[in-house]
Amino acid sequence: MKNVRKPEGKKGEEVLERMNKNHTPVSLWALSHLNIEDNAHVLDIGCGGGINLERLHKLSPNGKTVGIDYSSTSVKKSIDFNKDYVEEGKISVIEANVQNIPLEDNSIDIATAFETVYFWPDIVNSFREVRRVLKDDGLFMIVLTTNGDKDNLYEDLKKQVELEVYDDEELFSLLKDAGFIELTAFIKVHDTKKEHIRSFVDGSFNEIIIDDNFVDDVDDGHHMAPEWLCVVAKK
Ligand SMILES: C[S@@+](CC[C@H](N)C(=O)[O-])C[C@H]1O[C@@H](n2cnc3c(N)ncnc32)[C@H](O)[C@@H]1O
């Protein structure tokens, strides 16, 4: 199970291949909420097996896509997965911890974090570090296959691997502490097929509920948690 937190070796590579496939529905759903300019400079943090680097590059083909991951196995896998784009200089992948991102201040338009903030240490300072590399008005998108753990579904997993399961309210509070100003949470409720959109803008909170039209091609009818969560924070 520690391969979910920091993939290592052959077993780690297998886990990364599975994650590329299994995280596809939530990743595509989350990406459908982002408007990415075709020349955007994008950073994917905890890039894992690298499939989202390819997706982000395709959305910003005239920009630059950078992945970071603190696992050398993930870095290798992401480079292998995107071999041609890496050779063309369109995608680069760096071994680094989110706590110390090797990029300049104000250099990134959009930062993404798919299924990874559960594992980040010192979370507010990690979010501050993401904010540092974002341009003014840059966006940080956090994607999770669960919105908190109200049903204690993650209790067993927590015994095997160190992780923190956040809900939208907690993430809003942590992101505000890190200096983000405009926050939006998209919550996909599987049972009701509704999407709840909660926003915190100019000091006021708002919620709307809409029909959820996202077609999950890989959906086998089973989701571990009742809700998916995507939070977009503006610097
Ligand atoms: C569950 S995997 C998700 C991988 C990929 N984003 C996806 O959605 O399939 C978590 C990834 O985050 C990386 N990671 C965890 N903590 C990290 C940290 N502090 N800094 C950088 N990467 C981290 C792990 O090495 C792993 O590759």
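Values in this text are rule-based calculations from the coordinates and carry no lab data. What you see is a predicted model, and the numbers here were worked out from it, not measured in a lab. All Cβ positions, glycine included, derive from the backbone under ideal geometry; neighbour counts span all protein chains shown.
Summary of computed values
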{"read-out": "Simple Cβ-charge dipole of the chain, Lys/Arg +1 and Asp/Glu -1, about Cα centre, in debye nearest 20", "value": "540 debye"}
{"read-out": "Flagged links, alpha-carbon separation over 23 Å, of LYS2/LYS83; LYS150/LYS235; LYS64/LYS234", "value": "LYS2/LYS83; LYS150/LYS235"}
{"read-out": "Candidates ASP109, ASP167, ASP80, ranked by Gaussian network fluctuation over the chain, Cα under 10 Å, top entry", "value": "ASP80"}
{"read-out": "FRET efficiency, 1/(1 + (r/R0)^6) with R0 22 Å, evaluated for PHE205 and LYS234 via beta carbons", "value": "0.90"}
{"read-out": "Chain lengthening between SER92 and ASP156 when straightened (0.36 nm per residue, less Cα-Cα)", "value": "19.5 nm"}
{"read-out": "Average Cα contact separation per residue, the chain, under 8 Å, 6 or more apart, as relative contact order %", "value": "18 percent"}
{"read-out": "Added length on full extension, which subtracts the Cα-Cα distance from 0.36 nm per residue, GLU17 to ILE197", "value": "61.7 nm"}
{"read-out": "For the chain, built as a Gaussian network whose Cα springs stay under 10 Å, the top-fluctuating residue of ASN52, ASN106, ASN35", "value": "ASN35"}
{"read-out": "Contour minus Cα-Cα distance for SER32 and ASP137 (0.36 nm per residue)", "value": "35.9 nm"}
{"read-out": "Among beta bridges that DSSP assigns inside the chain, antiparallel share in %, nearest 5", "value": "60 percent"}
{"read-out": "Computed E for MET224/ASP122 - FRET, C-beta separation, R0 41 angstrom, nearest 0.05", "value": "0.95"}
{"read-out": "Ellipticity estimate at 222 nm from DSSP helix runs (n ≥ 4, -39,500 (n - 2.57)) divided over the chain, nearest 500", "value": "-9000 deg cm²/dmol"}
{"read-out": "Shape category assigned to segment 17-109 from the gyration tensor of Cα positions, a/c cut at 1.5", "value": "rounded"}
{"read-out": "Cα shape, the chain, gyration tensor, a/c 1.5 rule", "value": "rounded"}
{"read-out": "For the chain, built as a Gaussian network whose Cα springs stay under 10 Å, the top-fluctuating residue of SER107, SER32, SER72", "value": "SER32"}
{"read-out": "Sorted by Cβ neighbour density within 10 Å, fewest at the top, the residues VAL189, VAL42", "value": "VAL189, VAL42"}
